[in-house]
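**Student:** I have a structure I would like to understand better, so I am pasting it below and will then ask my questions one at a time.
The values are calculated or read from the model by the stated rules, or taken from the named source; none is laboratory data. Computed from a predicted model, the values in this text were never measured in an experiment. In this analysis, Cβ positions are derived from the backbone assuming ideal geometry, glycine residues included, and neighbour counts consider all displayed protein chains. Areas reflect the complete protein model, heavy atoms only, side chains present, ligands, DNA and RNA absent. Shrake-Rupley method; radii C 1.70, N 1.55, O 1.52, S 1.80 Å.
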Amino acid sequence: MSKEYEKPTEVFKPHNNSDIEPTESATTLSTAGRLISYNNQLKDGLENGYSFTKLLDQLITTTHADELFASARALSTYQLDTAYLTFPQQYSQSDFYLIFINRLMALHDRERVILQSSDQYKELYHEFPGINSAGYFIFKLESTVQGGAYYTEKTTGEALFYLNLEKHVLRFNSRAVTQLLLVEYHDRIGQDSIKGFENYLLDIGNFLKKDYGFDVDLTLLDPSNSAVYQLADSNLPSSIIDRLFVEAANGGRMLELGENSSPILRLDNGIVIELFEQHNYEENLDLGWVIQVYDQQHEVAWFDVLLRYEFLRTWYLENLNALEIQSDVLYFN
């Protein structure tokens, strides 16, 4: 949030008499030119600071979605300091991503995450009620030319999603979501709190898509019946499917075989899980194994199933190398 004071660049240097003509008028003119240049640089620095304050005012007070996004995008790359003027107390560029998310939620009356400040680390962070005892969240700026930032759990370092305001891109990381919410938090935090946090993440994706036309990939959080969850192993071993039969029986369920011997599992409230191999029949290509979740209300994602049904969570986590839902490899390894 803050940085140590940096001494402004020295602008008045002793003249080397060999470099100037030994006349009073020339010396006076040279000094005046330096003074004018220095003063203009200060004015530019102050104007830069004033422009910053106007953007910050807009970020924290506007009730218009377009103005909110414009100010957040500008501040996320804004260089407040100049060579002639340094501000010793200031927020980092990553902090403005956090403020933007809070304000976006507030515009939709869905502000559940709390924006806090850490004196120890000199940064802002998100604290979600119900899971705040386990961890908190910051944005970490992308270090490559892609720009953007990763929404990261501070303690574990798990990056849940990637956000790029310039490119209008939001990508979720299925590996981090699984590890944090279904492994790290699962036995420490109640399911209601985890479900509440999931809804918060979904709100981020839905509002960015609705308000600003973002390209959003929710991976295993996507509740749409049209969502197809691509598995990491395109050649799924038959032993893993055999294990699903066993785990389903342990959970009091009977696994059925559908078209092309695709495993089908029927759960409560009309929820149906299907595991099958995709094909491109026009080009005669196998596209690998996928999971699909069907429910009448389009409200249940694969994550919800894993959260609710222990036998499926056990099967998924024990075979994660093959079953992990793929994330965008451009942003997640």
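Per-residue answers, yes or no, for (1) farther than 23 Å from residue 330 by Cα; (2) not hydrophobic (A, V, I, L, M, F, W, C):
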position: 220; (1), (2): no, no
position: 224; (1), (2): yes, yes
position: 227; (1), (2): no, no
position: 232; (1), (2): no, no
position: 253; (1), (2): yes, yes
position: 257; (1), (2): yes, no
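**Student:** Sort through 180, 218 and tell me the only one that's hydrophobic (A, V, I, L, M, F, W, C), farther than 19 Å from residue 76 by Cβ and touching a Gly at 6+ places or on another chain (Cβ under 6 Å).
**Tutor:** Residue meeting the stated conditions: 218.
**Student:** Pull up the stretch 128-184, narrow it to residues that are among the acidic types (Asp, Glu) and touching a helix residue (DSSP H, G or I) at 6+ places or on another chain (Cβ under 6 Å), then point me to the one that is farthest from residue 94 (Cα to Cα).
**Tutor:** If we take residues in the stretch 128-184 being among the acidic types (Asp, Glu) and touching a helix residue (DSSP H, G or I) at 6+ places or on another chain (Cβ under 6 Å), then 158 is farthest from residue 94 (Cα to Cα).
**Student:** Inside the stretch 268-278, can you point out the residues that are in a strand (DSSP E or B) and over 32 Å from the mean Cα position of the chain (by Cα)?
**Tutor:** Across the stretch 268-278, there are no qualifying residues.
**Student:** Continuing with this model, one more query. Residues of the stretch 185-209 being in contact with a helix residue (DSSP H, G or I) (Cβ under 9 Å, 6 or more places away or on another chain) and open to solvent by 30 Å² or more (accessible area, probe 1.4 Å), which ones?
**Tutor:** Matches in the stretch 185-209: 186, 191, 195.
**Student:** Here is a further query. Pull up the stretch 210-252, narrow it to residues that are of a type in the set (S, T, N, Q) and outside any loop (DSSP other than H, G, I, E, B), then point me to the one that is most open to solvent (accessible area, probe 1.4 Å).
**Tutor:** Taking the candidates together, the pick is 250.
**Student:** Here are some conditions: (1) over 14 Å from the mean Cα position of the chain (by Cα); (2) modelled with pLDDT under 95. Residue 142 meets all but one. Which one does it not meet?
**Tutor:** (1)
**Student:** Looking only at residues in the stretch 268-303 that are touching a residue at least 40 places away in the same chain (Cβ under 8 Å) and farther than 26 Å from residue 234 by Cβ, which one is surrounded by the fewest Cβ atoms within 10 Å (Cβ to Cβ)?
**Tutor:** Ranking the candidates gives 299 first.
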